[in-house]
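Before any comments, here is the structure.
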Amino acid sequence: MKMKLIAAAASFAVSGNVWAQDLQITVTNLTQGMYFTPLVIAAHSADASMFVVGESASPELQAIAEGGDISGMGTLLTSVSADLVENPADGLLAPGARIETSLSSADGNDYLSLASMLLPTNDGFVGLNSWKIPTEPGTYSFTLNAYDAGTEANDEIVNGAGAPGEPGIPAAPGMNAGIGATGVTSTEDNVLVHIHRGNLGDDDLSGGKSDLDNTVHRWLNPVARITIVVN
């Protein structure tokens, strides 16, 4: 079943005791030359998830990973009564930059998830999947990996394509990519969500196999740090 955002039941009773946690969330881009597209951050129930490693990406995750479009995921999250923040950086989050935002999680929404496309990649995204929000107030900090959605071959060709199913990379925001690449690959063996191998790139900005610069766009996990203050 590709759809990973599911409701626990068609209807539920509202408890008379209102429970909520206030979260202060900071996300830092740890990479040298990669940009994060608009983030979607959500507190949700245990019966919902944005993605599952080792399983197929949903169409909504594919839209994020290939084109940075969070609208479909936002709609799904809303449909399961998640508490969410969309695009807190008001656009791209540049290398070395960070964004701070707040989120109040309602009763039952005690898991935190996050997703954002990495540019320039074909279908790479930084992700946090169903982190259990502590009941103990305090500050919690850890790093985040980048994943491959498994929905598109990592050809590393920058051609403006961003719609699901269209090969290529939408853009290189730092304006430091090449042109005329023949493509690193046209197929991928692993079509499930998995840890991203990182960009390969090359040193030929007017041809070669990749449009990506191996002195700028190569990276290894982790790619982000998240700090959560639970009040």
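The values are calculated or read from the model by the stated rules, or taken from the named source; none is laboratory data. The structure presented is a predicted model; accordingly, all values stated were derived computationally and were not measured. Positions of Cβ are backbone-derived with ideal geometry, glycine not excepted, and every protein chain shown enters the neighbour counts.
Can you tell me how many residues within the range 120-139 are part of a strand (DSSP E or B) and among the aliphatic types (A, V, I, L, M)? Result for the range 120-139: 2.
Total residues in the range 98-119 satisfying the condition of being under 18 Å from M50 (Cβ atoms) and not in a strand (DSSP E or B): the figure is 3. Here the condition is being in contact with a helix residue (DSSP H, G or I) (Cβ under 7 Å, 6 or more places away or on another chain), at pLDDT 95 or above and within 19 Å of G174 (Cα to Cα); of G68, G124, it holds for G124 alone. You will find that of L128, L114, L119, the residue that is buried (at least 17 other Cβ atoms within 10 Å of the Cβ), over 18 Å from A42 (Cα atoms) and either small (G, A, S) or within 15 Å of the chain's Cα centre (by Cα) (or both) is L119 and no other.
From the list R197, R218, R225, which one is of a type outside the set (A, V, I, L, M), exposed (fewer than 15 other Cβ atoms within 10 Å of the Cβ) and modelled with pLDDT of 95 or more?
Numbers: R218 fails: exposed (fewer than 15 other Cβ atoms within 10 Å of the Cβ); R225 fails: exposed (fewer than 15 other Cβ atoms within 10 Å of the Cβ).
Just a single option satisfies the conditions, and that option is R197.
I'd like the full set of residues that are in a strand (DSSP E or B) and small (G, A, S), limited to the range 144-189. Before the answer, list the steps.
Filtering the range 144-189 down to residues in a strand (DSSP E or B) leaves 144, 146-148, 158, 169.
Within the range 144-189, just A146 meets the criteria.
If L192 meets every condition in (1) in a loop (DSSP other than H, G, I, E, B); (2) among the hydrophobic types (A, V, I, L, M, F, W, C); (3) in contact with a strand residue (DSSP E or B) (Cβ under 8 Å, 6 or more places away or on another chain) apart from one, which number is that one? Against the list (1) in a loop (DSSP other than H, G, I, E, B); (2) among the hydrophobic types (A, V, I, L, M, F, W, C); (3) in contact with a strand residue (DSSP E or B) (Cβ under 8 Å, 6 or more places away or on another chain), L192 comes up short only on (3). The residues of the range 195-227 that are within 20 Å of the chain's Cα centre (by Cα) and either free of Cβ contacts under 8 Å to residues at least 12 places away in the same chain or not in a loop (DSSP other than H, G, I, E, B) (or both), listed by number, are I195, A224, R225, I226, T227.
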